[in-house]
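After the structure tokens below, expect a handful of questions from me.
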Ligand code: SF4
């Protein structure tokens, strides 16, 4: 028996896995794995990747990589294959200073100044941001002095986001450190705009509310496939407030004027809370302590707390009532189908880093009467997502998660979880671009499967990533469809026959 009294399957047990509360896994996990408790290397994508992909949501900007060509190639490759295909800026220019074996002896700051001046002349961007790398950080290149020197003769505003990969191996810490730097790009406000709200913590969406000069603003922002920010904007506007800025996105002028907003609200905790706290310290802008509203009650709470702060309680009451009238019939239908079943929620098949979104999903599934089980999160990545963890603990949400000896990028075998004696009927919620399927074993026909992986999920007229009332409505529809399909047929689908034994062996 595990510490929670649940049975464990033999196969899971042999591999050292156990079901524990999220808080217990957090407490048991060291911040850094100096004792090599986990097999393989530590960390996934380097801080440079997280920093540059956050900047890829800006416009009229150029990222200058200060380091070897290989670091730049790694980031370009990531952006093109794992980022721009789905989100954000379709192409971010990323020239590189090409630090070589001579520069690591003599220093690379002169090269950086030259490259910055050349980029300003050739690309004529509104903003340039310098990202350093392991080699230039290890030799102690003074990037800030180089930026100040170049700034004197450049038209573009130049900023610097420290991003050497070795400094913060776990992903969550990279995100926190990167998010803070956007407060440095902002100007002190000369005025406060009444009834205006910033949304902080949008990542992988290019959702600024001001179009580029000469470009028409898209009325529905993302057309018929909205993103999370589209729905959060709808919630804010639904109670009579106005969106000022959605960060991170937009041009430098757009970002630098963010402190003119009356209040900040949060989308993702790890991207949003550190920036909100820094903006509170630096510009005295308050923020609302809610985030990632997936499901009925979390969305009501997100809207109501904003309404309380801005004196819009009556508008919020009316708005919520209208929304729930539409939503509750589909909520009840979904609940009737899954009440008492087990939600297996993946936290990243291959990346093992997703936490806030699976937790928010779990919270929404509990509302439907499901018992939730999260798995596939590397313990060190949970430790690194302290912002997410603290938020859910504040909210009193502490579900079961699979703890164990995860090796990075080696997914736990879902078939072993399903063999766990004493459990029950499952619905499987995916969370990655790498599908785990096998004909007849893990197939939508024998295990109801809801595709909640945020990269690939597109839903007409609802945010595919799931926030807000419209995100909830789409989630319930997907659950109904998945359960009804699995009850209707036992024949393995073409999907699993094609994918077969992809990625891991059952
Ligand atoms: S870990 Fe360091 S050397 Fe490797 S890509 Fe990142 S910045 Fe470059």
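For segment 293-341 and segment 93-162, what is the separation of their C-alpha centers, rounded to whole Å?
So the separation of the two Cα centres works out to 48 Å.
For segment 47-168, what's the relative contact order in percent, using C-alpha pairs closer than 8 Å and at least 6 residues apart?
34 percent
A further question on this structure: Do the sum for the chain: with -39,500 (n - 2.57) for every DSSP H run of n ≥ 4, divided by all residues, what is the mean residue ellipticity at 222 nm, to the nearest 500 deg cm²/dmol?
For the chain, the value works out to -12500 deg cm²/dmol.
Let's test the formula: R0 of 35 Å, r as the Cβ-Cβ distance of residue 91 and residue 485. What FRET efficiency results, to the nearest 0.05?
The computed FRET efficiency comes out at 0.35.
For all pairs of alpha-carbon atoms in segment 47-168, what percent lies in each bin of width 10 Å, listed from the first bin to the last filled one?
Reading upward from the zero bin: 15, 48, 32, 5, 0.
Can you tell me what share of the DSSP beta bridges in the chain is antiparallel? A percent to the nearest 5 is fine.
15 percent
Would you mind calculating the relative contact order of the chain from Cα pairs under 8 angstrom and at least 6 residues apart, reporting the percent as a whole number?
So the answer I get is 18 percent.
I've got another one for you. With a 10 Å Cβ neighbour count serving as the proxy for reagent exposure, in which order, fewest first, do 370, 94 appear?
So the residues, fewest neighbours to most, are 94, 370.
What angle, in degrees between 0 and 90 and rounded to the nearest 10, separates the Cα long axis of helix 269-283 from the longest principal axis of the Cα atoms of the chain?
Tilt relative to the chain: about 40 degrees.
Provide 420, 253 in ascending order of the number of other Cβ atoms located within 10 Å of each residue's Cβ, fewest first.
In increasing order of surrounding Cβ atoms, one gets 253, 420.
A further question on this structure: Given labels modelled 7 Å from the Cα in the Cβ direction, how far is it in nm from residue 166 to residue 395?
Going from the residue 166 label point to the residue 395 one covers 3.8 nm.
Another question, if that's okay. Could you calculate, for the chain, the ratio of the Cα radius of gyration to the Kirkwood radius, expressed as Rg to Rh?
Reported Rg/Rh (Cα atoms, Kirkwood Rh): 0.98.
Just rank 344, 377, fewest to most, by other beta-carbon atoms within 10 angstrom.
Fewest-to-most Cβ neighbours within 10 Å comes out as 344, 377.
Separate question: Using Cα atoms only, what is the angle between the long axis of helix 171-181 and the major principal axis of the chain, expressed in degrees (0 to 90) to the nearest 10?
40 degrees
Just to confirm the number: angle between the C-alpha axis of helix 296-310 and the first principal axis of the chain, 0 to 90 degrees, nearest 10?
Its long axis makes an angle of about 40 degrees.
Which residues in segment 287-305 place their backbone N less than 18 Å from a point set 7 Å from the Cα of residue 192 along the Cα-to-Cβ direction?
In segment 287-305, the label zone of residue 192 (backbone N under 18 Å from the point 7 Å along Cα→Cβ) covers 287-289.
Coordinate-derived values only; no laboratory data. These figures come from a predicted structure and were not determined experimentally. As a convention, Cβ positions derive from the backbone with ideal geometry for all residues, glycine included, and neighbour counts pool all protein chains shown.
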